[in-house]
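Some notes on the structure that comes next.
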């Protein structure tokens, strides 16, 4: 184990079972820990060098972004989720899951020892492997969700765009107003009628800045690129984590974290197009996949489509 000298937590020598001295982190009494002390403590509790290295990346970077001198008890759950999204939101599924697992262990470590502090929020879910079964939502279910009165116009527009464009979520969230061609119903990822009806209502005269923005201005200590802030309202671009949490809020029926995932709009749209007879080349153009094998999985007809096909073989003049 490594020795870390800190003001809030001291290291002292101890004797392990084989008589070799190791470093033990002495934690402060009471229920208060700083972010850095908690990070050092959980890393010092690990033995496997690979685990120490992998956890050190996640926990170390998270501590830096959260503020090392802050009391751990002052960190909110959503801040943990926000750090995950900021640092690894665009990483591979395996990287996301590994970093999320490390932060789960970190927050679980402090909970087991009775220290006050955050947890990984339910909306920061473990991502399924790319080859796993992603649920296909029916068009009726998608239309019903978007049509609900308790769903804000921002979410209605985002979800409609995700479905109609079959684009990746980060592509849609990254679109700015100046990228749009509303007359031709186009942007860097193409939209069609339903989205075009919602967009003017969402923009309400805004002519520059992110299409999708938060409802609150960013805090004074948050540094953002000018492209990520609306020059008219001062509101920041909606993040992937915030969008994911909003969708979960409206679709979870078995508690937080059990709702739909944003990727399901893209997956459902491409599957529906495959069921309706779109060719492989057209699906590749729509989805922007470069390899045919990555698109063939969308040619999975629904039970209803199979039943309709089977009916063609049934006896009767109407099928001849």
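Can you tell me the FRET efficiency between residue 182 and residue 254 if r is taken as the Cβ-Cβ distance and R0 is 45 Å, rounded to the nearest 0.05? Don't skip to the end; give the middle numbers.
Values: r = 39 Å, r/R0 = 0.87.
Rounded to the nearest 0.05, the efficiency is 0.70.
Over the alpha carbons of region 50-204, what is the largest minus smallest coordinate on each principal axis, giving the biggest first in Å?
Projected onto the principal axes, the Cα atoms of region 50-204 cover 56, 36, 29 Å.
Label points 7 Å out from Cα along the Cβ direction at residue 133 and residue 48: separation in nm?
Label at residue 133, label at residue 48, 2.9 nm between them.
Would you compute the Debye intensity of region 145-297 from its alpha-carbon atoms alone, equal scatterers and no solvent, and pass along log10 I(q)/I(0) at q = 0.17 Å⁻¹ to two decimals?
-1.05
Order of 230, 187 from fewest to most other C-beta atoms within 10 Å? Don't skip to the end; give the middle numbers.
Details: 230 19, 187 23.
Exposure proxy ranking, most exposed first: 230, 187.
Using 0.36 nm times the number of residues separating residue 171 and residue 70, minus their current alpha carbon distance, what extension gain do you get?
Working: separation 101, 0.36 × 101 = 36.36 nm, distance 3.41 nm.
Gain in length upon complete extension: 32.9 nm.
Considering region 194-274, what Rg and Dmax in Å follow from its alpha-carbon atoms?
15.5, 48
Let's test the formula: R0 of 35 Å, r as the Cβ-Cβ distance of residue 263 and residue 215. What FRET efficiency results, to the nearest 0.05? Before the final figure, lay out the partial values.
Numbers: r = 24 Å, r/R0 = 0.69.
Efficiency, rounded to the nearest 0.05: 0.90.
Enter the Cα centre distance for the pair region 254-299 and region 67-103, rounded to the nearest angstrom.
28 Å
Give me the number: length gained by fully extending residue 312 to residue 203, i.e. 0.36 nm times residue separation minus the C-alpha to C-alpha distance, one decimal in nm.
Working: separation 109, 0.36 × 109 = 39.24 nm, distance 4.83 nm.
Using 0.36 nm per residue and subtracting the Cα-Cα distance, I get 34.4 nm.
To check my understanding: the extent here is largest minus smallest coordinate of the Cα atoms along each principal axis. What are those three numbers for region 70-147, in Å, largest first?
47, 30, 23
Only the coordinates and a few stated rules stand behind these numbers; no lab work does. The structure displayed is predicted, hence computed values, not measured ones. Because the Cβ atoms are built from the backbone with ideal geometry, glycine has one as well, and the counts that use them run over all protein chains shown.
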